[in-house]
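Q: For reference, the structure I am asking about is given below.
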Amino acid sequence: MRQVDDPGPWRLILIVPLVVSLLLFAIPQYFFISTSFHQNLGYGRVSEVLTLANYQRIFTDSLYLAALGRTLALSAITAGICLVLGFPVAYVLARSQSKWVSLLLGLLVAATFITPVVKDLGLIILLSQGGLVNATLGALGLISAPVRWLGSEAGVVIGLAHYTLPLIVLMLHTVIQTVPRSLEDAAHAHGASRLRVFYGVIIPIIMPGMVAAALMVFNLAAGAFTTPALLGGGRVLTFPILIQRTVILDVDYPFAAALSSILLLFVFALNVLSGYLMVKQSGGRATKNTALVAKQSAALVMKGA
């Protein structure tokens, strides 16, 4: 008897958008990667001779190496901050039975549609030396002089976290909802504390989702231009900032393509490495997790009996 809910035929429909997305991604990547192996002749002209001079210039100049390290470091810090701040909020929203949850989720979704320019301009007002943040810290006696948030790496991280935090909350909320509440009840029935349930049951199950959410934030932060430009004030040089300056000021398309290729390569490599380590770790713990879930389910059945 044929199953009505068989997803097989519907999966074929996804082939067309998958191919279109692949072409839209691969074709531009091919052109700017191939352009990076040529020399700039000025006035937007590119030589036909293949060369590694652009990459040699990047890896022998401390300016670009420092910018690459700064870009990856700020992106990693942003991902860590968003994970620490976003997970408790997502967990409370996922486990709450309040009628206000839908409204709060709707506000988070609406926040993701606000452009980075608007968010950054708001942060510039708040983080300025005479802004609300410095005034509040001064009133509480936490600082003796205004802190210079703008034009610093701290200000850029705040801007990146402010932009990506709603996204990671929504993603983690969806992941946490896939964990049955019964597993937590079963662990409590075995005498486990709330903290033990949190780190021994919930975290191991949703770890792949947490890694995926953190990588999403990392990728967005690594490619962000508006926030470092506005909140960094030209003092925080990240790779997107250098790419923009190379294209607009120097009109050196091959070198800008090389910078873009390096950023793409490092971000892609970190994503692949994280995925590999996650799969390897999950494979080694699969038996333990299965046994743990089985034990908790059995305990729940006994509790219900």
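The values are calculated or read from the model by the stated rules, or taken from the named source; none is laboratory data. Quick caveat, the model's predicted, so the values are computed rather than measured. No Cβ is skipped: glycine too gets one built from the backbone with ideal geometry, and neighbour counts run over all protein chains shown. Only protein heavy atoms, including side chains, enter the accessible area calculation; ligands, DNA and RNA are left aside. Shrake-Rupley method; radii C 1.70, N 1.55, O 1.52, S 1.80 Å.
Q: Please work out how much accessible surface Asp185 shows to a 1.4 Å probe, ignoring ligands, DNA and RNA, in Å² rounded to 10.
A: We get 60 Å² for Asp185.
Q: Give me the accessible area per residue for the chain, probe 1.4 Å, as a whole number in Å².
A: Averaged over the residues of the chain, the accessible area is 59 Å².
Q: Hey, got a sec? Which trypsin sites (Lys or Arg not before Pro) in segment 83-147 land in a DSSP loop and have at most 15 other Cβ atoms within 10 Å?
A: Of the trypsin sites (Lys or Arg not before Pro), the ones in loops of segment 83-147 whose Cβ has at most 15 other Cβ atoms within 10 Å are Lys99.
Q: Could you please report the charge total around Val251, scoring K, R as +1 and D, E as -1 over all other residues with beta-carbon less than 14 angstrom from its beta-carbon?
A: Combined, the nearby Lys, Arg, Asp and Glu give 0.
Q: Another question, then. Set Lys and Arg Cβ to +1 and Asp and Glu Cβ to -1, take the dipole of the chain about its Cα centre, and tell me which of Ile58, Phe225, Ala90 lies farthest positive.
A: Ala90
Q: Moving to a separate point now. In sequence order, what are the phi-derived ³J(HN,Hα) couplings for segment 175-186 according to the Karplus relation 6.51 cos²θ - 1.76 cosθ + 1.60 with θ = phi - 60°, rounded to whole Hz, with x for glycine and proline?
A: Couplings: 5, 5, 5, 6, 8, x, 5, 4, 5, 5, 4, 5 Hz.
Q: With a 1.4 Å probe and all protein chains in place, put Val201, Val49, Val117 in order of accessible area, largest first.
A: Heavy-atom accessible area, descending, gives Val49, Val117, Val201.
Q: Starting from the Cα gyration tensor of the chain, take the square roots of the eigenvalues, sort them a ≥ b ≥ c, and report rounded, prolate or oblate (rounded when a/c is under 1.5, otherwise prolate if a/b is larger than b/c, else oblate).
A: Oblate shape, in that a/c is at least 1.5 and b/c is the bigger or equal ratio.
Q: Now, a different point. Can you tell me how segment 143-237 classifies by the Cα gyration tensor, rounded, prolate or oblate, using a/c under 1.5 as the rounded cut?
A: prolate
Q: Within the chain, what's the longest run with no chymotrypsin sites (Phe, Trp or Tyr not before Pro) in a DSSP loop and at most 10 other beta-carbon atoms within 10 Å? Give the range, please.
A: 114-305
Q: Quote to one decimal, in nm, the extra length available between Lys99 and Tyr30 on full extension: 0.36 nm per residue of separation minus the C-alpha distance between them.
A: Taking 0.36 nm per residue and subtracting the Cα distance, the gain is 19.9 nm.
Q: Collect residues whose amide H, placed 1.01 Å from N in the peptide plane, falls under 5 Å from the amide H of Val46; neighbours closer than 5 in sequence don't count.
A: Amide H neighbours of Val46: Leu41.
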